[in-house]
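In what follows, a structure is listed as structure tokens, so that the remarks can point back to it.
Computed from the coordinates by the stated procedures, all read-outs in this text should not be read as laboratory data. Keep in mind that what you see is a predicted model, and the values were worked out from it rather than measured. Please note: Cβ atoms are built from the backbone with ideal geometry, for glycine as well, and neighbour counts cover all protein chains shown.
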Amino acid sequence: MPDRLRRFWDFDDLDGTEQRFREQLDREPDDAGRAEVLTQLARVQGLRGDFDGCERLLAEAEGLAGASGIAQVRIELERGRKLRSSGEAAASLPLFESAFENALASELYYLAGDAAHMVAIADAGRMTEWTERGLALAEDEPDAAYWAGPLLNNLGWQHFEAGDYEAALGAFERALEVRERDPTNADAIAFAREAVETARQALGR
């Protein structure tokens with residue numbers, strides 16, 4: 001898996017996720033690794049709406065990160081997510097864009113894909129631009145391939161909400177094609193099929 005910490009996440013069970021990350025925090029061999037884990041604990045707090053707690057953990061991560069490129073990218077990503085979730089989408093954009101560039105420079109392609117996806121959903125006016133950037137990365141770099149599905153799904157819903165059901169269907173069908181390349185992710189495939197069906201119904205098909 002291109003993100004070593006992804007396996008600890010269960011977005012439907014934040015308490016369990018937090019426990020797994022706290023256990024991993026004790027297993028990390030160095031400060032840079034602990035900084036990475038702290039960013040994920042910060043994300044848990046952000047998802048709970050505890051933005052002050054999120055920022056405290058990010059500040060702690062900054063104190064441990066040192067020169068670690070991956071820790072710095074994670075800090076930018078999670079601080080950006082915190083700002084967007086707390087209603088400061090405009091302030092989040094420079095952080096996501098910086099995370100994208102820094103991740104590319106460090107060949108952290110999975111995290112670069114995550115950053116592209118976050119810019120796309122944080123700035124509706126540039127969603128198409130950043131979706132295309134993310135898709136190009138996903139095509140060129142196997143570690144970023146996962147992000148093609150979320151990018152296309154989000155683009156499809158933007159088209160759908162704007163009433164452009166034909167464009168939405170095209171994006172959803174592309175998302176389904178991408179999702180089906182990973183048969184282990186049954187939930188994502190099911191959601192993608194449902195989105196295709198929703199767009200077809202809107203078109204009267």
Exercise. With charges only on Cβ, +1 for K and R and -1 for D and E, what is the dipole size of region 1-87 about its Cα centre, in debye, rounded to 20?
Worked result: 260
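With a/c under 1.5 counting as rounded, go ahead and sort region 1-87 into rounded, prolate or oblate using the C-alpha gyration tensor (a ≥ b ≥ c being the square roots of the eigenvalues; past the cut-off, prolate if a/b is larger than b/c, else oblate). Provide the component values of the computation, followed by the final result.
On the way: a/c = 1.61, a/b = 1.13, b/c = 1.43.
Cα axes put region 1-87 in the oblate bin.
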Problem set entry | Computed [θ] at 222 nm, helices only, for the chain once each DSSP H run of length n ≥ 4 contributes -39500 (n - 2.57) | -24500 deg cm²/dmol
For this session: Let me know the charge dipole size of the chain about its Cα centre in debye, to the nearest 20, where only the beta-carbon of Lys, Arg (+1) and Asp, Glu (-1) is charged.
Result: 240
Exercise. Between GLU107 and ARG6, how many nm apart are label points set 7 Å from Cα along the C-beta direction?
Worked result: 1.9
Problem set entry | Neighbour-count order for TRP157, TRP130, fewest beta carbons within 10 angstrom listed first | TRP157, TRP130
For this session: Compare the Cα positions of ALA35, PHE8, LEU83 along the charge dipole of region 1-87 (+1 at Cβ of Lys, Arg; -1 at Cβ of Asp, Glu; about the Cα centre) and return the one farthest towards the positive end.
Result: LEU83
Seminar exercise, completed: Sequence order, region 45-62: Karplus ³J(HN,Hα) from phi using 6.51 cos²θ - 1.76 cosθ + 1.60, θ = phi - 60°, Hz rounded, Gly and Pro as x, gives 5, x, 5, 7, x, 8, 6, 5, x, 4, 5, 4, 5, 5, 5, 5, 4, 4
Problem set entry | Longest to shortest principal axis, alpha-carbon extents of the chain, angstrom | 56, 34, 33
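Return an integer: the convex hull volume of the alpha-carbon atoms of region 54-141, in Å³ per residue.
Details: hull volume 6.6 nm³, N = 88.
Cα convex hull per residue, to the nearest whole number: 75 Å³.
Sorted from fewest to most neighbouring beta carbons within 10 Å, what does the list HIS159, HIS117 look like? Could the numbers behind the result be given before it?
Values: HIS159 21, HIS117 25.
With the sparsest Cβ surroundings first, the list reads HIS159, HIS117.
Can you sort GLU139, GLU62 by how many other beta carbons sit within 10 Å, fewest first? Numbers along the way, then the final one.
Numbers: GLU139 11, GLU62 16.
Ascending Cβ contact count within 10 Å gives the list GLU139, GLU62.
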Seminar exercise, completed: With label points set 7 Å from each Cα along the Cα-to-Cβ direction at GLN201 and ALA67, the distance between them in nm comes to 5.7
Seminar exercise, completed: When the charge dipole of region 142-205 is computed with +1 at the Cβ of Lys and Arg and -1 at the Cβ of Asp and Glu, the Cα pointing farthest to the positive end, of LEU176, GLY163, ALA202, is that of ALA202
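Given N residues in region 108-170, what is Rg(Cα) / (2.2 N^0.38 Å)?
Ratio of Rg to 2.2 N^0.38 Å for region 108-170: 1.06.
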